[in-house]
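**Q** Encoded as structure tokens, here's the structure I'll be asking about.
The values are calculated or read from the model by the stated rules, or taken from the named source; none is laboratory data. Treat the numbers as computed from the prediction; the structure is a model and nothing was measured. Because the Cβ atoms are built from the backbone with ideal geometry, glycine has one as well, and the counts that use them run over all protein chains shown.
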Amino acid sequence: MAHIRVCVGLLALLATTASAPAVAQPIEYAIKASYLYKFAPFVQWPPTAFASPTAPLTICIVGPDPFGKMLDDAVRGQRVNGHPIEIRRIEAVHPGIACNILFAGSEAGNEMLRAMAHEPVLTVTDRSHGGTGGMIQFVTIGGRVRFAVNQAAAEQGGLAISSKLLGLAVSVTR
Amino acid sequence: MLIGQEESVGSKGAFLIRHAGIGPAVALLLSCAAPAGAQSVEDLRDLSLEELANVSISSVSKSSEALADAPAAIFVITHDDIQRSGATSLPEMLRLAPNLYVAQSSSNTYTITARGLSGNPGLVNFTNKLLVLIDGRSVYSPFYSGVFWDMQDVLPDDIERIEVVSGPGATLWGANAFSGVINITTRRSGETQGLLVGGDAGARARSGELRYGGRLGGNLTARIYLRGLSEDETLNASGASAHDDWWRLQGGFRLDWTPGELDAVTVQGDVMNGRIDAATGGDTLTRNRNLLARWTHSQKDGSAYELQAYYDRSAREITQNGGRLWIDTYDLYLQHNNMVGTKGDLVWGGGVRAYRFNTVGNDSIYFLPPKRTLMLADVFAQYGWAFAPGAKLTLGVKLEKDPYVGTSVLPNARLAWKPADALLLWASIARAVRSPTPFDRDVVEAVNQKPLLIGGAAFRNEKLTAFEAGTRIQASSAASFSLSAYYNLYDDLKALEITPITTVPFYWANALKGHSYGLEAWGDISLARWWKLRAGLSLLHERFAFKPGATRFLGANQVGNDPSRQATLGSSFNIGRTISIDANVRYVGPLPDPVVHSYCELGGKIGWRVNDHVQLSISGTNLLHKWHQELPGDVASQAPRTILAGLKWRI
């Protein structure tokens, strides 16, 4: 029944997109924004990634920000294993940057992520915008936002991704 | 005498069909949903990752998530609802839907229907007006249009959702979607990875299951499972053993492959064997084999094709007196959805189904001809037009060619209006039919080599014109409510007629007509994050009369012996993160003729999540009475109290 509650709003949105298909579909980004913080409980960072048990979990957006206020609304009041969530918008990345999750939305992001290969940062990209360099990549299948996981890349960064998340992935690169 | 014999046909004879929407059958209704304003990420907050992965971003892909807001009387039983209820069989799970009537008649048989017309087994009329799909495979028997519930099983933990539509769905799903549609959808194999070992056992019933899911390649996942159950005999109305103890063993697999971003392929199959004891005449053996493949191809513009094919063999055999029947079904189905301009969407499709039935009769029941191959074909189209902000009109029609009566036209018009984000109003007019089966046309029941009851050579479609209206209200983020009302006009309903002068043989004819109206309401409210209540109510008034020229040999009550009122009340309660307590109370009003008293019963479960891997539970059904009668004592035994201790272990 929880679905039903949620669905009223969703349906409204679906129908809106139906009558105006040319317009950008905000639900798509609302879903991607929700994924960003919902991934966190299924990822194990090395102990050094957090200064303390209550230190914030930082989600960084590099380059163009497709979410805007939506992401801030999504994470408001949310906690992941005791860590509050903080959003940072940045222009560029460098090794050692204080991010736990890094979203690079544009194709240009692929190049930037190369420098982050051995960092304990969960990198997320969007394949529908050419982003193929992330440990997690959003893909759109059958009208649904799903994701692929590059487990080899995650291990290189010292991250362990739970089998549950791998199970939900449309594909896993080992 | 007639009664006893016919009963054995219903429970031991038979099989047939009608089409079969693919995928979430109910999903098609979504394309009827009203357009409306925008919404925010807050609505996604409570969704799990699995749920998030199922949210549709384009209306033409027919999200099953949003189905609950489709303009029809749909109730959704979720995976969580099932896990928390303690139900271990499909019929017991279906008791969670307030828009269904579920009555147990023996350890392994049930009457399940929506909006009345449940039949009257004492008067030779069996429940036969519901479409039931398991992952797109139609499971009602094409032999008599009813469902052998003792042959249908799904591992409870695999079920993603059960969608229950009350009211006709013939335009989308075809001829047996008369009173309602039940669509059971299992999880993708990627969502059931790892090892699961589970079991429930009590004094009179036990079940166990083993499942393993793995990844075979980067984008190929699979699961295999084995599940068995056995139940002890029930007591008949006089307290003697009904000799209906039984067991069933089923195994199967599911493969899910996503070769590219726009394609999804599923291949799945099951093998089932069962054995049911009988007081006389020998045990019944049941067997099912099925294999299904489905391919969904999406395009970047949001349109999608879905192609599905399956094979199903269902067989029943009575060990001593030689009655046997088996049916092979071959089904192929294609569907396409796409946008038309900026305000329209179109769903169209078609399918063919061939079924070959084969019977070995005995002295008291046989079929003429004993074997036959029947072909069924259909095409349908449905167009949705968002003609004003928040309003949508959906028109659809299905043409279905049946082997006995030729082509039926099954139209539907549906209007949805969302004057505000939290309010949906809808209305619908639809036509549906139940088409003839071998059991209506070809059956011969004999006494002393003389035919006593024969199929009606002129038996034609049973017909329904249904008027419905409803509303769905999201009162707040914690409370929702659904109300639907209906008026059904029936014609050419099945009745038993007698041959002039000689009386026998009796034969089937379309001798009854009638109407019904009723109301279905349900809602839920979260009183706290850890406590949720739900309630449901169903009211029904039916009136049937013989058509001119009918012989009126039996009463008009042969159409259905339905309760005029039912109510449910449920509570889901959590203590911390590890303990869940659920209780479901149901009240079923009296049955009119033959009379069965009203009853109130309670089911529930206490679950304890010991750690991430182990879960213990105690669950029960029918806790208020050791035994109680749900259907007339001459055709049904008593439903038992069952208490089970359960263990679930995941790695």
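**Q** Can you tell me which condition B:A636 does not meet? The list is (1) among the aliphatic types (A, V, I, L, M); (2) at pLDDT 95 or above; (3) under 26 Å from B:D244 (Cβ atoms), and all the others hold.
**A** (2)
**Q** Among the residues of the stretch B:107-121, write down those that are part of a strand (DSSP E or B) and modelled with pLDDT of 95 or more.
**A** Answer for the stretch B:107-121, where residues must be part of a strand (DSSP E or B) and modelled with pLDDT of 95 or more: B:Y110, B:T111, B:I112, B:T113.
**Q** To continue, here is another question. Checking the structure you have, find out if any residue of the stretch B:329-347 is in contact (Cβ under 8 Å) with a residue 12 or more places away in the chain, small (G, A, S), surrounded by 15 or more Cβ atoms within 10 Å (Cβ to Cβ) and more than 14 Å from every other protein chain (Cβ to nearest Cβ).
**A** Looking through the stretch B:329-347, none of the residues is in contact (Cβ under 8 Å) with a residue 12 or more places away in the chain, small (G, A, S), surrounded by 15 or more Cβ atoms within 10 Å (Cβ to Cβ) and more than 14 Å from every other protein chain (Cβ to nearest Cβ).
**Q** Something else about it: Would you pick out the residues in the stretch B:525-546 that are under 30 Å from B:F506 (Cβ atoms) and either of a type in the set (F, W, Y) or in contact (Cβ under 8 Å) with a residue 40 or more places away in the chain (or both)?
**A** B:L540, B:E542, B:F544, B:F546
**Q** In the stretch B:360-401, which residue that is in a strand (DSSP E or B), under 25 Å from B:G323 (Cβ atoms) and in contact (Cβ under 8 Å) with a residue 24 or more places away in the chain is farthest from the other protein chains (Cβ to nearest Cβ)?
**A** Per the criteria, the residue is B:Y366.
**Q** Only residues in the stretch A:154-169 that are within 17 Å of A:T132 (Cα to Cα) count as the first member; pair them with residues that are part of a helix (DSSP H, G or I), Cβ under 9 angstrom, at least 6 apart or cross-chain, and list the lot.
**A** Once the first residue is within 17 Å of A:T132 (Cα to Cα) and sits in the stretch A:154-169, its partners that are part of a helix (DSSP H, G or I) give A:A169/A:Q151; A:A169/B:G190.
**Q** Please enumerate the residues belonging to the stretch B:172-184 that are in contact with a helix residue (DSSP H, G or I) (Cβ under 9 Å, 6 or more places away or on another chain) and either in a strand (DSSP E or B) or polar (S, T, N, Q) (or both).
**A** Within the stretch B:172-184, B:N176, B:V181, B:I182, B:N183, B:I184 qualify.
**Q** One residue is enough: does the stretch B:471-483 have a residue meeting the conditions crowded, with 18+ Cβ neighbours inside 10 Å and among the basic types (K, R)?
**A** Scanning the stretch B:471-483, I find at least one residue that is crowded, with 18+ Cβ neighbours inside 10 Å and among the basic types (K, R), so the answer is yes.
**Q** Residues being within 8 Å of another protein chain (Cβ to nearest Cβ) and of a type outside the set (S, T, N, Q): count how many of those fall in the stretch B:188-203.
**A** Residues flagged as within 8 Å of another protein chain (Cβ to nearest Cβ) and of a type outside the set (S, T, N, Q) within the stretch B:188-203 amount to 3.
**Q** Just the residues that are of a type in the set (D, E) and assigned to a loop (DSSP other than H, G, I, E, B), please, taken from the stretch B:122-171.
**A** B:D135, B:D153 - these are the residues of the stretch B:122-171 that are of a type in the set (D, E) and assigned to a loop (DSSP other than H, G, I, E, B).
**Q** If we scan the stretch A:151-161, do we find a residue that is of a type in the set (A, V, I, L, M), in contact with a Ser or Thr (Cβ under 8 Å, 6 or more places away or on another chain) and under 20 Å from A:Y37 (Cα atoms)?
**A** yes
Quick grid of which residues meet (1) over 20 Å from A:S106 (Cβ atoms); (2) more than 11 Å from every other protein chain (Cβ to nearest Cβ); (3) buried (at least 16 other Cβ atoms within 10 Å of the Cβ); (4) touching an Asp or Glu at 6+ places or on another chain (Cβ under 6 Å):
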| residue | (1), (2), (3), (4) |
| --- | --- |
| A:V43 | yes, yes, yes, no |
| A:T48 | yes, yes, no, no |
| A:P53 | yes, yes, no, no |
| A:P56 | yes, yes, yes, yes |
| A:C60 | no, yes, yes, no |
| A:G63 | no, yes, yes, no |
| A:Q78 | yes, no, no, no |
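**Q** Another one. Among B:N488, B:N461, B:N510, B:N448, which is the only one that is surrounded by fewer than 17 Cβ atoms within 10 Å (Cβ to Cβ) and either basic (K, R) or away from chain A (no Cβ under 14 Å) (or both)?
**A** The conditions single out B:N448.
**Q** Here is a follow-up. Quick check on this structure: which one of B:G218, B:G269 is within 13 Å of chain A (Cβ to nearest Cβ) and touching a Lys or Arg at 6+ places or on another chain (Cβ under 9 Å)?
**A** Step by step, each of B:G218, B:G269 is checked, and only B:G218 is within 13 Å of chain A (Cβ to nearest Cβ) and touching a Lys or Arg at 6+ places or on another chain (Cβ under 9 Å).
**Q** Looking only at the stretch A:74-118, count how many residues are modelled with pLDDT of 90 or more and either assigned to a loop (DSSP other than H, G, I, E, B) or among the acidic types (D, E) (or both).
**A** Residues meeting the conditions: 3.
**Q** Residues B:G198, B:G281, B:G214: which one is among the small types (G, A, S) and surrounded by 17 or more Cβ atoms within 10 Å (Cβ to Cβ)?
**A** Matching residue, one of B:G198, B:G281, B:G214: B:G198.
**Q** So, in the stretch A:140-174, of the ones that are farther than 25 Å from A:A30 by Cα and of a type in the set (A, V, I, L, M), which residue ends up nearest to the other protein chains (Cβ to nearest Cβ)?
**A** Among those that are farther than 25 Å from A:A30 by Cα and of a type in the set (A, V, I, L, M), it is A:A152.
**Q** Further question: Of everything in the stretch B:594-622, what is surrounded by 15 or more Cβ atoms within 10 Å (Cβ to Cβ) and of a type in the set (D, E)? Give them in sequence order.
**A** Passing the criteria: only B:E601.
**Q** Can you spot a residue in the stretch B:566-584 that is buried (at least 17 other Cβ atoms within 10 Å of the Cβ) and within 19 Å of B:L117 (Cα to Cα)?
**A** Scanning the stretch B:566-584, I find at least one residue that is buried (at least 17 other Cβ atoms within 10 Å of the Cβ) and within 19 Å of B:L117 (Cα to Cα), so the answer is yes.
**Q** If you check B:E261 against the conditions, is it in contact (Cβ under 8 Å) with a residue 24 or more places away in the chain and touching a Lys or Arg at 6+ places or on another chain (Cβ under 9 Å)?
**A** Answer is no for this residue.
**Q** Going by the conditions given, is A:F103 closer than 20 Å to A:Q137 by Cβ, away from chain B (no Cβ under 14 Å) and in contact (Cβ under 8 Å) with a residue 60 or more places away in the chain?
**A** Yes, satisfied.
**Q** Okay, moving on. Would you mention how many residues in the stretch B:117-134 are crowded, with 24+ Cβ neighbours inside 10 Å and touching a Lys or Arg at 6+ places or on another chain (Cβ under 9 Å)?
**A** Residues flagged as crowded, with 24+ Cβ neighbours inside 10 Å and touching a Lys or Arg at 6+ places or on another chain (Cβ under 9 Å) within the stretch B:117-134 amount to 6.
**Q** Considering the stretch A:53-73 alone, what residues qualify as being of a type in the set (A, V, I, L, M) and in a helix (DSSP H, G or I)?
**A** Passing the criteria: A:M70, A:L71.
**Q** Also, I was wondering about something else. When the stretch B:160-200 is examined, which residues are found to be among the charged types (D, E, K, R) and modelled with pLDDT of 95 or more?
**A** Scanning the stretch B:160-200 gives a single hit, B:D200.
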